[in-house]
Amino acid sequence: MSVFDYQKDAEGIVTVTMDMTGPVNAMNDEFGTAMAETMDRLEKESDLRGVIIASAKKTFFAGGDLNMLLAVEPGQEGAFFESVEQSKALLRRLEKLPVPVVAAINGAALGGGFELALACNRRIGWDDRSVEIGLPEVTLGLLPGGGGVVRMVYLLGFQAALPFLLEGKKVRGAKAVEAGLIHETVSDVSELLPRAKEWILQAGGDEAIQPWDRKGHKIPGGDIWNPKVGQAVMVSPHMLKANTRGLLPAPEKILETAVGALATGFDAALTQESRNLAYLVTTPQAKNMITTFFFQLNKVNGGASRPDGYAPTKIGKLGVIGAGMMGQGIAYVAAKAGIETVLKDISLEAAEKGKDYSTKLLDKAISRGRSTEEKKRQLLERITPTDNDDDLAGCDLVIEAVFENPELKARIVKAAEGKLADGGIWGSNTSTLPITGLAGSSAAPDRFIGIHFFSPVDKMPLVELIRGEETSEETLAKAFDFVRQIGKTPIVVNDSLGFYTSRTFGAQPTEAAQMVAEGIDPLRIDNLGKHIGMPVGPLTVNDEVSLKLGVEIKESQLAAELIKPEDETRPEGWALQKALVHDHNRGGRYHGDGGYYDYEDGKKTIWPGLNALYFRPEVNDAISDEDIKARLLFAGVIEALKCLEENVVTTVADANIGSIMGIGAPPWTGGYIQFVNTYGLEAFIERCDELADRYGERFRSPGIVKAKRANSEVFA
């Protein structure tokens, strides 16, 4: 039985409905067999008038089989190239049929799904939020290898195609029509097939010929010889390099393929596209990004760390205590998700100021055409600012988001915990303080959990859920459901000082401080941080997140004997940070006094006193760029491995997703744990030993890596 249902009606129109094995239609061996059989049959039809490609799944077509792509190993590029060419030949046969072909897009058409639609003469989509259109392969370290790069350039032109190819931009409905990706939409899914048939019956002979196959077709905007296009081709590699810093091969190969489409014939460009995909599929960057951004992210969002046996829940009323930077952001994302939200602070004025944050975000969205006045009104009506604990009555969840002070948090719990609804839970938005200790002030520690948001809350996609010693599985399940309800990704960790993300995040800027204290040029450190894929350098990060706050938090931990002075692994760096804050009044950019940098008249320059106090040319000249980059990267990787070894983070997926979405691990690594897999466990241990021998025992590889190596395992 074919997985493609083939039905021909009385008017000579064939509807091919894809219904492949499994939850989605995908470009795999089964597709190749079914499509080849279908094309043989269509090419033999004597009275064929048109063809409709439809789907029996909720998605139109999901694209390439990523398990198959992950299995391609170095040395197998030639065989993979041939398989890609065979799949593309089938799409070429489809678009060369002498009758018009329509894609009836009932669900998401991303990647290979949209490439299949591009091989059709007409693309009609259902105008629904579930129907996304685009080519997101670049986000997985790949390129659209089913003709997507070439057809997009021939369809839209070089410059218009690049955002979809290099950024993986996705669009829906009217915006997909406006962008030229599809031709029209229907308001109800039941209208798709009738509209497709109607168009076929009205179509003329030219409609059966793809634009790029018509005699005299010109690429929109011009080909390589057009002066404006030629200039864009010359500039694009430099702009791309500035964005990727040479760490991501996929965008470079996409650009190379797009330029090739401008300079060669259509079919020759398709072949070049296949060669470039065959190169990319075996790169460690692609392996890392497919593993983490697809398989592990789906695993995390799908609830792998959510306790079993508890029915799904939704928060109807949320309380947020503290209307500062974090609290106001939490209130916004909750109200945006449709949750009635009470935003409480010590005064009504402070609470209203917190609500104003939502107003500003909505006004910005309206100015950019991403929201409306009516949506703004509805969202703001869901946020109630208050200074009265009684307004928290009946909340299913209360999140306390005040300063990192255990005594302050304890007072708030005792004052407001009784307002929770029956079965309600309490969450503390803390980035470092152990949850078990904070839960000591609660009358119901089993219903107390850490809910760590990241700043800015409206933009950051991750939430870290922290189990205290007495946090119940039911409480964790409810908190997990809340995070998914507001559209964010939850990772689950066990209680410890700094949890997972703060511990791992802190390793890199403190290692940078240690290098400055040793005498290494701070600008060099920051620039090499960007060379490993950080958005900005580690010293800049420390300035931005508040050098002063970091010092104050660590000093409070020392005072409470949560950490011991003798356990400090970067003592010179810690002394430097304290000196900047206490001796030189340099707490970071947020405090207006600068930190590692001066910030004046919109310019950022290294504070002259830093080099005067610490810079030592002989030390700076003696260390290689590669060692500086390794120290910055391995600092975070080793801390992540220790958290996994200590059971702070319990799954590799949570560790990888947390490091990328929460603390900015370079995307090419696939996350700090996945990085070790493709670096090679033996090579990683050897490099750690080199760094440890030169710079300190903190770089010695954790035992968990050696255990995996001994068992010939990888982290999975």
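Some values worked out for this structure:
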| item | result |
| --- | --- |
| Checklist (1) touching a residue at least 40 places away in the same chain (Cβ under 8 Å); (2) assigned to a loop (DSSP other than H, G, I, E, B) applied to residue 384, failing item | (2) |
| Scan of segment 181-216 for residues that are exposed (fewer than 13 other Cβ atoms within 10 Å of the Cβ) and either more than 15 Å from residue 50 (Cα to Cα) or in contact with a Gly (Cβ under 7 Å, 6 or more places away or on another chain) (or both), ordered by number | 187, 188, 190, 214, 215, 216 |
| Output for segment 329-354, where each listed residue is surrounded by 22 or more Cβ atoms within 10 Å (Cβ to Cβ) and without any contact (Cβ under 8 Å) to a residue 40 or more places away in the chain | 351, 354 |
| Qualifying positions in segment 124-141 - open to solvent by less than 10 Å² (accessible area, probe 1.4 Å) and among the hydrophobic types (A, V, I, L, M, F, W, C) | 124, 131, 133, 135 |
| Residue ID - modelled with the lowest pLDDT, chosen from residues in segment 387-439 that are part of a helix (DSSP H, G or I) and acidic (Asp, Glu) | 407 |
| Among the candidates 398, 402, 493, 483, residue that is free of Cβ contacts under 8 Å to residues at least 60 places away in the same chain and surrounded by 18 or more Cβ atoms within 10 Å (Cβ to Cβ) | 483 |
| Residues (of a type in the set (A, V, I, L, M, F, W, C) and either open to solvent by less than 40 Å² (accessible area, probe 1.4 Å) or at pLDDT below 95 (or both)) located in segment 684-715 | 684, 685, 688, 691, 692, 699, 704, 705, 715 |
| Segment 668-692 residues that are among the β-branched types (Val, Ile, Thr), paired with ones that are in a helix (DSSP H, G or I) and surrounded by fewer than 17 Cβ atoms within 10 Å (Cβ to Cβ) (beta carbon under 7 Å, 6 or more apart) | 685/706; 685/709 |
| Residue in segment 563-584 that is on the phi > 0 side of the Ramachandran plot and open to solvent by 20 Å² or more (accessible area, probe 1.4 Å) present | no |
| Yes/no for residue 292 being under 30 Å from residue 70 (Cα atoms), at pLDDT 95 or above and not in a strand (DSSP E or B) | yes |
| Yes/no for residue 601 being over 32 Å from the mean Cα position of the chain (by Cα) and either among the hydrophobic types (A, V, I, L, M, F, W, C) or open to solvent by 30 Å² or more (accessible area, probe 1.4 Å) (or both) | yes |
| Tally of residues being open to solvent by 10 Å² or more (accessible area, probe 1.4 Å) and either under 29 Å from the mean Cα position of the chain (by Cα) or in contact (Cβ under 8 Å) with a residue 60 or more places away in the chain (or both) across segment 407-419 | 2 |
| Single residue of segment 355-370 satisfying the filter (of a type in the set (Gly, Ala, Ser) and under 12 Å from residue 332 (Cβ atoms)) that is surrounded by the fewest Cβ atoms within 10 Å (Cβ to Cβ) | 365 |
| Among residues of segment 609-618, those that are more than 10 Å from residue 516 (Cα to Cα) and either in contact with a Phe, Trp or Tyr (Cβ under 6 Å, 6 or more places away or on another chain) or open to solvent by less than 90 Å² (accessible area, probe 1.4 Å) (or both), counted | 3 |
| Flag if residue 657 is in a loop (DSSP other than H, G, I, E, B) and surrounded by 13 or more Cβ atoms within 10 Å (Cβ to Cβ) | no |
| Helices (runs of 4 or more DSSP H) enclosed by segment 19-123 - at least 2 residues per element that are open to solvent by 20 Å² or more (accessible area, probe 1.4 Å) and in contact with a Gly (Cβ under 8 Å, 6 or more places away or on another chain) | 77-95 |
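The values are calculated or read from the model by the stated rules, or taken from the named source; none is laboratory data. Just so we're clear, the structure is a prediction, and the values are computed from it rather than from any experiment. Glycine also receives a Cβ, built like all others from the backbone with ideal geometry; neighbour counts cover every protein chain displayed. Please note that ligands, DNA and RNA were not included when accessible areas were found on the heavy atoms of the full protein model with its side chains. Shrake-Rupley method; radii C 1.70, N 1.55, O 1.52, S 1.80 Å.
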